[in-house]
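The values are calculated or read from the model by the stated rules, or taken from the named source; none is laboratory data. Being a predicted model, the structure only gives us computed values, none of them experimental. Quick reminder, even Gly has a Cβ in these numbers, built from the backbone with ideal geometry, and neighbours come from all protein chains shown.
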Amino acid sequence: MQEKAARSRLLGWIRLLRLLVWIGIALLLLTPAATWLGGFSYAGEVAKGLSLGGRFLAYAYAAPPFLFVAAGLAQLLVFCREAKDARVFAEPATRAIRRLGYALLAASAAMPLARLLLWTLIVQPPEAPQFKVITFSIVLAIAVSATFGLVCIVFAAILKEASALAEENASFL
């Protein structure tokens, strides 16, 4: 009876994770488009001064970090599939978490270039007061993303080693 309740709770958490992953992917795909093509947010106000081609170029510059993170989140769907079968230590599950980490590192690496390209397109002078605020927030976002990416990679390595150790111990029984 307890096993059935535990299985039910596990499936509930997996459904919630899948829902959050899909919401995250949708937001990550829509945010740069809404900002640069739709004209929402402060950056969108800047974009309104650009030609249509310039807005598409700004979108192309801004999108890669978001796309990397969306691809990383999609890896959690693989993890959910494995977790559904209670195989969180299986190779596909640990690989999915590791790939999420790599995607976050890729987004961290792509963000400075994306922002630099956007600044050259917008031609915002470095003396502008919002430049320092934007720069700090970008550096902070890069640091958080890179740290979380490394955490995912290390966590996946721990899961993999724990799985190997459990298999080795099971062989002695």
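When Pro129 is evaluated against the numbered criteria (1) more than 20 Å from Gly24 (Cα to Cα); (2) modelled with pLDDT of 85 or more; (3) loosely packed, with under 13 Cβ neighbours inside 10 Å; (4) not polar (S, T, N, Q), which criterion, by number, is the only one it fails? In the conditions (1) more than 20 Å from Gly24 (Cα to Cα); (2) modelled with pLDDT of 85 or more; (3) loosely packed, with under 13 Cβ neighbours inside 10 Å; (4) not polar (S, T, N, Q), Pro129 misses (2) alone.
In this structure, Leu105 does satisfy being touching a Gly at 6+ places or on another chain (Cβ under 6 Å) and at pLDDT 90 or above. Within the stretch 81-101, being within 18 Å of the chain's Cα centre (by Cα) and surrounded by fewer than 19 Cβ atoms within 10 Å (Cβ to Cβ) holds for one residue alone: Arg95. Under the condition of being farther than 22 Å from Ser8 by Cα and of a type in the set (A, V, I, L, M, F, W, C), the residues counted in the stretch 76-118 number 16. If I filter the stretch 42-64 for residues that are in contact (Cβ under 8 Å) with a residue 12 or more places away in the chain and within 28 Å of Ala157 (Cβ to Cβ), do I get at least one hit? For the stretch 42-64, residues in contact (Cβ under 8 Å) with a residue 12 or more places away in the chain and within 28 Å of Ala157 (Cβ to Cβ): present.
Considering the stretch 132-173, the residues that are more than 17 Å from Arg98 (Cα to Cα) and in contact with a Lys or Arg (Cβ under 9 Å, 6 or more places away or on another chain) include one that is modelled with the lowest pLDDT, namely Ile134. Considering each of Ala71, Ala62 in turn, give the residue that is under 20 Å from the mean Cα position of the chain (by Cα), modelled with pLDDT of 95 or more, surrounded by 14 or more Cβ atoms within 10 Å (Cβ to Cβ) and closer than 21 Å to Met111 by Cα. It is Ala71.
Leu16 fulfils the conditions (1) surrounded by fewer than 17 Cβ atoms within 10 Å (Cβ to Cβ); (2) in contact with a helix residue (DSSP H, G or I) (Cβ under 8 Å, 6 or more places away or on another chain) except for a single criterion, (2).
In the stretch 17-33, the residues that are aromatic (Phe, Trp, Tyr) reach residues that are surrounded by 13 or more Cβ atoms within 10 Å (Cβ to Cβ) and at pLDDT 90 or above with C-beta atoms within less than 9 angstrom, at least six apart or across chains, in these pairs: Trp22/Leu73; Trp22/Leu77.
Candidates in the stretch 83-94 are the residues that are in contact with a Phe, Trp or Tyr (Cβ under 9 Å, 6 or more places away or on another chain) and in a helix (DSSP H, G or I); of these, the one that is farthest from Val139 (Cα to Cα) is Ala83.
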